[in-house]
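First comes the structure, then the notes that go with it.
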Amino acid sequence: GHLLEESSFATLFPKYREAYLRQVWPVVTRALDKVKIACELNLVEGSMTVRTTRKTADPYVILKARDLLKLLARSIPVAQALKILDDECHCDIVKVGGLVRNKERFVKRRQRLLGPDGATLKALELLTGCYILVQGNTVSIMANSHTGLKQARQVVIDCMNNIHPVYNIKRLMIQKELAKDPKLADEDWSRFLPTFRKKNVPRKKPASAAAAAKKPVEKKAYTPFPPAQTPRKIDLQLDTGEYFISERERKAKKLAEKTAKATATSKEKRAARERELEQVPEASSSGSSKKRSSTNDASPTSVDVDQLKEKFDQKSKSKKRSTDMSDFLDVATDKKQKKKK
């Protein structure tokens, strides 16, 4: 028999996947033809569509084809994505873009999920038995069991909620070892599993905050009445009577206040300047009086004999030098006359 109604699903794909999808689309078409599903690649709209045909026998295969399109749009290679058409294979696409608001924090946590050289992701794949691909704002998971899908999804969500994947990997390793023992199949494993708690490390407060915290807070007397409301600008104007004055008078009043204030400040500055000028002459007069007293102490009749001698000696030396130069000049003239003769 065939299906009564036609079912179809369409999925958009990003621009960077266009070249790859165009290349592998014949392979996808051949795979879907085997299960009697028609497919279409629209490069104008950037969409992929699958629909049932009259020959389609399995009603659930259209959902598998829809999952195939989703996986291809999320950058999973075609060889891996085609495995979803098997009945035993299941997939889950976790949207992690909206779990973290801050972009930088989101990128760090996504990198934490991958680990150094993809080591963390490889360990998760081995423990859960899933194929995991982190791409953009989504994490695509493919597995042959629902338990593996659930475990992988939980690890991804925990990682985005700031719980490191290493803790969950350790937990999964213990669970894997416990599953090997048939005696513990019906027992509770919570006593064997580690519990990791968040440690809120107290940060050091700044010195000012610490000092403020140490100061005893004075307790105010309790009053049932609320504090008085702060008056508005209009209320203050009403109190002073300024509100009822015209705009012209108000400006004149402000100008008068401004001039009064300016005159007061100028008077203060002038007084300060006068005080400075009064202090300076006193110092200069004291200096001049000292000089006068020192000159007065030396009697006008007393003459310094040594100074007089030095003056006379200097004058006599200068005279000698002038005579010597004249002698030299006379000798030079005599020699020239002799040569001429």
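Structure notes:
- Scanning the range 74-97 for residues that are under 38 Å from the mean Cα position of the chain (by Cα) and open to solvent by less than 80 Å² (accessible area, probe 1.4 Å) yields R74, S75, I76, P77, D92, I93, V94, V96, G97.
- Long-range neighbours under 9 Å by Cβ, at least six apart or interchain, first residue more than 23 Å from P116 (Cα to Cα) and among the hydrophobic types (A, V, I, L, M, F, W, C) within the range 165-179, second in a helix (DSSP H, G or I) and open to solvent by less than 80 Å² (accessible area, probe 1.4 Å): L178/L184
- Residues considered: K64, K55. Of these, the only one that is under 14 Å from L3 (Cα atoms), at pLDDT below 95 and among the basic types (K, R) is K55.
- Residues being in contact with a Pro (Cβ under 9 Å, 6 or more places away or on another chain) and either assigned to a strand (DSSP E or B) or open to solvent by 70 Å² or more (accessible area, probe 1.4 Å) (or both) - total across the range 39-66: 1
- A count restricted to the range 239-266 and to residues that are at pLDDT below 90 and open to solvent by 70 Å² or more (accessible area, probe 1.4 Å) stands at 10.
- Hits in the range 119-135 (condition: under 20 Å from L68 (Cα atoms) and either of a type in the set (F, W, Y) or in contact (Cβ under 8 Å) with a residue 40 or more places away in the chain (or both)): Y131, L133, Q135
- In this structure, E40 does not qualify as of a type outside the set (S, T, N, Q), at negative phi and modelled with pLDDT under 90.
- When L63 is tested against the conditions (1) hydrophobic (A, V, I, L, M, F, W, C); (2) in contact (Cβ under 8 Å) with a residue 60 or more places away in the chain; (3) over 21 Å from Q135 (Cα atoms), the lone failure is (2).
- For the range 22-36, a residue qualifies if it is in contact with a Leu (Cβ under 9 Å, 6 or more places away or on another chain) and under 17 Å from I84 (Cα atoms), and the qualifying residues are V24, W25, V27, V28, T29, A31, L32, K34, V35.
- Among the residues of the range 154-183, those that are under 35 Å from the mean Cα position of the chain (by Cα), surrounded by fewer than 19 Cβ atoms within 10 Å (Cβ to Cβ) and not hydroxyl-bearing (S, T, Y) comprise Q154, I157, D158, N161, N162, I163, H164, V166, I169, K170.
- One residue stands out among those in the range 108-142 that are farther than 17 Å from M160 by Cβ and among the aliphatic types (A, V, I, L, M): the one that is surrounded by the most Cβ atoms within 10 Å (Cβ to Cβ), which is M142.
The values are calculated or read from the model by the stated rules, or taken from the named source; none is laboratory data. This structure is a prediction, so every number in the text was calculated from the model and none was measured. Note that we place each Cβ from the backbone using ideal geometry, even for glycine, and neighbour counts take in every protein chain shown. All accessible areas refer to the heavy atoms of the entire protein, side chains included, with ligands and DNA or RNA removed. Shrake-Rupley method; radii C 1.70, N 1.55, O 1.52, S 1.80 Å.
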